Amino acid sequence: LARLREMLAAAQRPLLLVGGGDWTDESGAQIQAFAEANGLPVACSFRRFDVVDNQSPSYVGDLGTGAAKDLVKLAKDCDLLIAVGARLGEITTQGYELLASPEPKQTLVHVHPSAEELGRVFRPTLGIQAGVGNFAAALAGLAPVDGSAWAGWRQAARAAYEAQLVPGPYAGPMHVGDAMVALRAMLPRDAIVTA
């Protein structure tokens, strides 16, 4: 963990990517607290949208199918990618386009419970074999770094995420996007609406 902290302190454009299984409310809250304490942007991998609260100022979207172009660019441009629990497979890496294989241009820290997954496609600078719960709990004891160097990076990423939530123009008789915005304003924060 000391080496991870050193890498984080040296970064200019870090990105935390969370995914995989075995997340609990507690481990999700711990990883979110780590991201917020360090001012990190955090993205979720495919089908793991709820690991962190999407209302967190650190949350910047998901790298699943149909990932936002701004988020894909953010992931390509980051200088430190900390992947916790996520398999760096086809969907999460956008068809293996986010990272160069086998040596990513980004400094890669990959945390995964399976040793076979570490370095399978992309060689991490630091590979850590650990379950997400144990790793998230261990991060709670890690002193935060000064994230001022990347504060603008995270804020721009969050703004891009929020901008994509605004519905675009629609020519039909009923604008479903506007209806969803109205429902979001009326419903409890944890409501789930599908269209």
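The values are calculated or read from the model by the stated rules, or taken from the named source; none is laboratory data. Note that the structure is predicted; figures quoted are calculated from it, not measured. We place every Cβ from the backbone using ideal geometry, glycine too, and count neighbours over all the protein chains shown.
If the condition is being of a type in the set (Asp, Glu) and touching a Phe, Trp or Tyr at 6+ places or on another chain (Cβ under 7 Å), then region 32-87 contributes 53, 62.
Yes or no, residue by residue, for (1) among the basic types (Lys, Arg); (2) touching a residue at least 60 places away in the same chain (Cβ under 8 Å); (3) out of contact with any Pro (no Cβ under 7 Å at 6 or more places or on another chain); (4) not in a loop (DSSP other than H, G, I, E, B):
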site	(1), (2), (3), (4)
3	yes, yes, yes, yes
6	no, no, yes, yes
21	no, yes, yes, no
37	no, yes, no, yes
40	no, yes, no, no
44	no, no, yes, yes
47	yes, no, yes, no
76	yes, no, yes, yes
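Scanning region 103-121 for residues that are over 18 Å from the mean Cα position of the chain (by Cα) and either closer than 21 Å to residue 12 by Cβ or β-branched (Val, Ile, Thr) (or both) yields 103, 105, 121. The set of residues in region 49-69 being in contact (Cβ under 8 Å) with a residue 40 or more places away in the chain and surrounded by fewer than 17 Cβ atoms within 10 Å (Cβ to Cβ) consists of 55, 57.
If the condition is being on the phi > 0 side of the Ramachandran plot and either of a type in the set (Asp, Glu) or surrounded by 16 or more Cβ atoms within 10 Å (Cβ to Cβ) (or both), then region 87-127 contributes only 94.
Quick grid of which residues meet (1) within 23 Å of residue 99 (Cα to Cα); (2) out of contact with any Asp or Glu (no Cβ under 7 Å at 6 or more places or on another chain); (3) free of Cβ contacts under 8 Å to residues at least 12 places away in the same chain; (4) of a type outside the set (A, V, I, L, M, F, W, C):
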residue: 125; (1), (2), (3), (4): yes, yes, no, yes
residue: 133; (1), (2), (3), (4): no, no, no, yes
residue: 138; (1), (2), (3), (4): no, yes, no, no
residue: 169; (1), (2), (3), (4): no, yes, yes, yes
residue: 175; (1), (2), (3), (4): no, yes, yes, yes
residue: 180; (1), (2), (3), (4): no, yes, no, no
residue: 183; (1), (2), (3), (4): no, yes, yes, no
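Selection within region 181-195: residues that are of a type in the set (A, V, I, L, M, F, W, C) and under 18 Å from residue 50 (Cβ atoms). The member of this set that is modelled with the highest pLDDT is 187. Going through (1) without any contact (Cβ under 8 Å) to a residue 60 or more places away in the chain; (2) of a type in the set (A, V, I, L, M); (3) part of a loop (DSSP other than H, G, I, E, B) one by one, residue 72 falls short only on (3).
Of all positions in region 153-164, none carries a residue that is among the aliphatic types (A, V, I, L, M) and more than 18 Å from the chain's Cα centre (by Cα). Taken as a whole, the structure places residue 182 among residues that are over 30 Å from residue 79 (Cα atoms) and aliphatic (A, V, I, L, M). Residues in region 24-37 that are surrounded by fewer than 22 Cβ atoms within 10 Å (Cβ to Cβ), within 19 Å of residue 61 (Cβ to Cβ) and of a type outside the set (Gly, Ala, Ser): 32, 36. Within region 165-179, being hydrophobic (A, V, I, L, M, F, W, C) and over 18 Å from residue 61 (Cα atoms) holds for 171, 174, 176, 179. Among the residues making up region 17-36, a single one is of a type in the set (D, E, K, R) and under 13 Å from the mean Cα position of the chain (by Cα): 36.
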